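Working notes, beginning with the structure itself.
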Amino acid sequence: MDVFIEGNANRHVGATNMNEHSSRSHSVFTITIESSQPNLEDPNGKPHIKVGKFNLVDLAGSER
């Protein structure tokens, strides 16, 4: 959460007619989650690991 807050604080914003705090920069925040089950192995004898990615994206755009 600290990384997210720091990145958000460094974004550029500016006022437009439609939005006083309009974003002027894109923001992409990626969270990678790994889950392993030590007692479960694949056919090659390796531990069973699941990996997922969660992307939060805020694109700077025009308010038309």
> From the residues in the range 5-22 that are part of a loop (DSSP other than H, G, I, E, B) and of a type in the set (S, T, N, Q), which one is modelled with the highest pLDDT?
Replying inline: Asn10
> Across the range 23-64, which residue is nearest to the chain's Cα centre (by Cα) among those that are modelled with pLDDT of 80 or more and of a type in the set (Ser, Thr, Tyr)?
Replying inline: Thr30
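The values are calculated or read from the model by the stated rules, or taken from the named source; none is laboratory data. Quick caveat: nothing in here was measured; it's all calculated off a predicted structure.
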